[in-house]
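Q: Can you read through this structure? Questions will come right after.
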Amino acid sequence: MKQTVTLHPAITHRHFAVIDSTNAYLMKNELPCPYLVSADTQTAGHGRRQQAWIDEGKSLLFSLATAFDAHINVGAWSVQVALTLAKILENVTEQALLIKWPNDLYVKNDSGEYGKCAGILTESSIGKQGKMVTGAGINLAPIKGVIDSDYAIASVDICVDDSVLLIQIANELYWQWQDFIQSPAVSPEHYARYDMLSGEMLLATNLHNHRESVGQACGINAQGQLLLQQHGGLLALTTQHHIRLL
């Protein structure tokens, strides 16, 4: 029997066959929040640091705009989104999911190595009130072409229709956002279950001053910052740091 789910009545939804970027559409247009935009294809989809989103036409592509009071610190939201997506996806696939801080999801690909299956981009703007745009791309089929990427690519084999998955994710993100703006923090304990970097030696580069730090990853704090164990103690990394494995 085909599963039926209903989008939360507070959410307005618009779908495009082709769009440049679902995030860009919500960032540049004043629309009633919460507002969901989905697309079959993005021509200019991107992630953090403007990295291109690789898509061969079988991806779940969407962005959700929500409102918040401008005084709230929403810095941990991207990590909360990764946790939310991991929990939803593990209910519709037999694949084990991991999170690569701050907000990439990985599963094992056909060659047996972990590859990126989902990317998340959160962007915010402050006007009379704050607007958070939460975008994601989830690979739902293997990419067969030659990929020019610095990370392996994988896909999620789901057991539900992708339209059902979209509604499930949008509804859960909406409810998670309501909780988050009341208490803007994430659970280090919940994150530890999916932590791909735990115990790994990392090189972290501050993108502002280019200062480099080396240490061992040891989870996150409640602000969603990655903790790096060094000889002198713990260093908390923000999303202004670029990390790579040593």
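Q: What number, in percent, do you get for the relative contact order of the chain if the mean sequence gap of Cα pairs under 8 Å and at least 6 apart is divided by its residue count? All intermediate terms of the calculation are to be shown ahead of the outcome.
A: On the way: 501 pairs, mean separation 44.1, N = 246.
Worked out over the chain, it gives 18 percent.
Q: Kindly write out, for the range 99-104 in residue order, the coupling ³J(HN,Hα) from the Karplus curve 6.51 cos²θ - 1.76 cosθ + 1.60 (θ = phi - 60°), rounded to whole Hz, with x marking Gly and Pro.
A: Values per residue, Gly and Pro as x: 10, 9, 3, x, 7, 9 Hz.
Q: For a test of understanding, tell me how many lysine pairs in the chain have Cα atoms under 13 Å apart, given they are 8 or more places apart or on different chains.
A: Numbers: K28/K131; K58/K144; K100/K116; K108/K116.
Final tally of qualifying lysine pairs is 4.
Q: Once phi is turned into θ = phi - 60°, what whole-Hz ³J(HN,Hα) does the Karplus curve with 6.51, -1.76 and 1.60 give for every residue of the range 14-25, x standing for Gly and Pro?
A: Along the range 14-25, the couplings run 10, 10, 10, 5, 9, 8, 5, 7, 5, 5, 4, 4 Hz.
Q: Could you give the spread of the C-alpha atoms of the range 169-239 along their three principal axes, from largest to smallest, in whole angstroms?
A: 41, 28, 20
Q: Determine ³J(HN,Hα), in whole Hz, for all residues of the range 180-193 in sequence, where each value follows from phi through the Karplus function 6.51 cos²θ - 1.76 cosθ + 1.60 and θ = phi - 60°; x replaces Gly and Pro.
A: 5, 6, 7, 9, x, 8, 10, 9, x, 5, 5, 5, 4, 5
Q: Which residues' amide hydrogens lie under 5 Å from the amide hydrogen of N221, considering only partners 5 or more residues apart or on another chain, with H built in the peptide plane?
A: Amide H neighbours of N221: L227.
Q: Could I have the simple spin-label model distance between A96 and L246, label points 7 Å from Cα toward Cβ, reported in nm to one decimal?
A: Taking the simple label geometry, A96 and L246 are separated by 2.6 nm.
Q: Please build a GNM for the chain, connecting alpha carbons under 10 Å apart, and tell me which residue among E90, E172, E212 fluctuates the most.
A: E212
Q: How large is the helix-only mean residue ellipticity at 222 nm for the chain, computed as the sum of -39500 (n - 2.57) over DSSP H runs with n ≥ 4, divided by its residue count, in deg cm²/dmol to the nearest 500? Before the final figure, lay out the partial values.
A: Working: 4 runs with 46 residues, N = 246.
Rounded to the nearest 500, it is -5500 deg cm²/dmol.
Q: Mind sorting E200, E94 by how few other Cβ atoms lie within 10 Å of their own Cβ, fewest first?
A: E94, E200
Q: Go ahead and collect, in residue order, the members of the range 172-207 whose backbone nitrogen is under 17 Å from a label point 7 Å along the Cα-Cβ direction of A222.
A: Hits in the range 172-207 for A222 at 17 Å: 179-192.
Q: With 10 angstrom as the radius, rank L166, L245, L97 by how many other C-beta atoms surround their C-beta, starting from the fewest.
A: Working: L166 20, L245 11, L97 23.
Lowest count first: L245, L166, L97.
Q: Under the rule that an exposed site lies in a DSSP loop and has at most 12 other Cβ atoms within 10 Å, name the longest stretch of the chain with no trypsin sites (Lys or Arg not before Pro) of that kind, not counting the sites themselves. Walk me through the numbers on the way to the answer.
A: Working: sites that count: K2, K128, K144, R211.
By the stated rule (loop sites, at most 12 other Cβ atoms within 10 Å), 3-127.
Q: Sequence-distant or interchain residues sharing an amide H contact under 5 Å with A39, placed H: which?
A: So A39 has HN proximity to F16, L61.
Q: Follow-up. List L36, L237 from most exposed to least, where exposure is judged by having the fewest other Cβ atoms within 10 Å. Don't skip to the end; give the middle numbers.
A: Values: L36 26, L237 22.
Going from sparsest to densest Cβ surroundings: L237, L36.
Q: Which Rg and Dmax, in Å, describe the Cα atoms of the range 201-245?
A: Taking only Cα atoms of the range 201-245, I get Rg and Dmax of 9.6, 25 Å.
Q: Between rounded, prolate and oblate, where does the chain land on the alpha carbon gyration tensor, with a ≥ b ≥ c its root eigenvalues, rounded for a/c under 1.5, else prolate if a/b exceeds b/c? Don't jump to the answer; show the numbers that get you there.
A: Working: a/c = 1.57, a/b = 1.21, b/c = 1.30.
Note, shape of the chain comes out oblate.
Read-outs: derived from the displayed coordinates by stated rules, not from any lab. Computed from a predicted structure; not experimentally measured. Reconstructed Cβ throughout: ideal geometry from the backbone, glycine too, with neighbour counts over all protein chains shown.
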